[in-house]
Amino acid sequence: METGQATRADCRAIAELALMAGEGIPAYFWEQSRKPGQDIEDVGAQNAASDTENFSFRNAHLAIVNNAVAGMLLAYRLTDAEHADDLEDFPAFIRPLIELEQCVPGRFYINMLATYPDYRNQAVGSTLMGLADKLAANAGCSLLSVEVFEQNTGALRLYQRLGYAMVDRRPVVTHPCHPYTGDVVLLTKQVSGAQLS
């Protein structure tokens, strides 16, 4: 298995994997700009081609198995506190996620981790997560962060096994686009070799 930075040519795969990782949330937003007859993945691929947004090929790293994309890590440094988004700009069901992001300003945020079904249980997720320390260090961050719906027990177990610890939580605002209730939790982990800051 190899890992590497995504390119514009990978935008379709990024969109497909984002739909798997995003718990229905990307599809909700992409549906709003989908044209008649257009595939939802095409909308996502157009968004992933952005040079300015966080959801971009620039922030995606891929796992490659036998010359095929097996999985994706989408991660980036969050904005500092003074540049925080206004929660009123977001639908109510997204606000708990944004609130948790705002608990760790300027930290390295793992937004999405996804593996195609044919490559699951082959350490693709763990391999991609292994890149996170290096990416965070390169971004000047000493702390990694990730959010997960607590009912997504498989993902929660993976993050905890990799050394992430729960530090905060918010009640889920139920919505038809995702199946979860309960809480969404924020987990963090010190970057290997980094000093607390």
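Output the residues belonging to the stretch 56-70 that are of a type in the set (G, A, S) and more than 11 Å from G4 (Cα to Cα).
Let us first name the residues in the stretch 56-70 that are of a type in the set (G, A, S), namely 56, 60, 63, 68, 70.
Matches in the stretch 56-70: S56, A68, A70.
Condition first: of a type outside the set (A, V, I, L, M) and either more than 15 Å from the chain's Cα centre (by Cα) or in a helix (DSSP H, G or I) (or both). Now tell me which residues in the stretch 54-64 satisfy that.
F57, R58, N59
Only one residue in L62, L144 is touching a residue at least 12 places away in the same chain (Cβ under 8 Å) and more than 18 Å from V184 (Cα to Cα), so which one is that?
L62
If you scan the stretch 68-89, which residues turn out to be of a type outside the set (G, A, S), modelled with pLDDT under 90 and part of a loop (DSSP other than H, G, I, E, B)?
Residues satisfying the conditions are T79, D80, D85, D86.
Given V184, V172, V191, which one is surrounded by 18 or more Cβ atoms within 10 Å (Cβ to Cβ), more than 23 Å from F108 (Cβ to Cβ) and touching a residue at least 60 places away in the same chain (Cβ under 8 Å)?
V172
Y109 - would you say it is closer than 16 Å to L187 by Cβ, modelled with pLDDT of 95 or more and buried (at least 16 other Cβ atoms within 10 Å of the Cβ)? Show your work before the answer.
Values: closer than 16 Å to L187 by Cβ: yes; modelled with pLDDT of 95 or more: yes; buried (at least 16 other Cβ atoms within 10 Å of the Cβ): yes.
So Y109 passes the test.
If you scan the stretch 71-86, which residues turn out to be surrounded by fewer than 21 Cβ atoms within 10 Å (Cβ to Cβ), closer than 21 Å to L128 by Cα and not charged (D, E, K, R)?
Passing the criteria: only Y76.
Those residues that are in contact (Cβ under 8 Å) with a residue 24 or more places away in the chain and either out of contact with any helix residue (DSSP H, G or I) (no Cβ under 9 Å at 6 or more places or on another chain) or farther than 28 Å from A155 by Cα (or both), I need them from the stretch 24-39; list them, please.
Once the filter is applied, which keeps residues that are in contact (Cβ under 8 Å) with a residue 24 or more places away in the chain and either out of contact with any helix residue (DSSP H, G or I) (no Cβ under 9 Å at 6 or more places or on another chain) or farther than 28 Å from A155 by Cα (or both), the stretch 24-39 yields G24, Y28.
Given the residues A92, A49, A68, A21, which is the only one that is surrounded by fewer than 14 Cβ atoms within 10 Å (Cβ to Cβ) and in contact (Cβ under 8 Å) with a residue 24 or more places away in the chain? Let's see the steps before the verdict.
Details: A49 fails: surrounded by fewer than 14 Cβ atoms within 10 Å (Cβ to Cβ); A68 fails: in contact (Cβ under 8 Å) with a residue 24 or more places away in the chain; A21 fails: surrounded by fewer than 14 Cβ atoms within 10 Å (Cβ to Cβ).
The match here is A92.
Select, from N152, N121, the only residue that is free of Cβ contacts under 8 Å to residues at least 60 places away in the same chain and either over 14 Å from the mean Cα position of the chain (by Cα) or closer than 22 Å to N59 by Cβ (or both).
So the residue among N152, N121 that is free of Cβ contacts under 8 Å to residues at least 60 places away in the same chain and either over 14 Å from the mean Cα position of the chain (by Cα) or closer than 22 Å to N59 by Cβ (or both) is N121.
The values are calculated or read from the model by the stated rules, or taken from the named source; none is laboratory data. These numbers come from a predicted model, not from an experiment. Methodologically, a virtual Cβ is constructed for each residue, glycine included, from the backbone with ideal geometry; neighbour enumeration extends over all protein chains shown.
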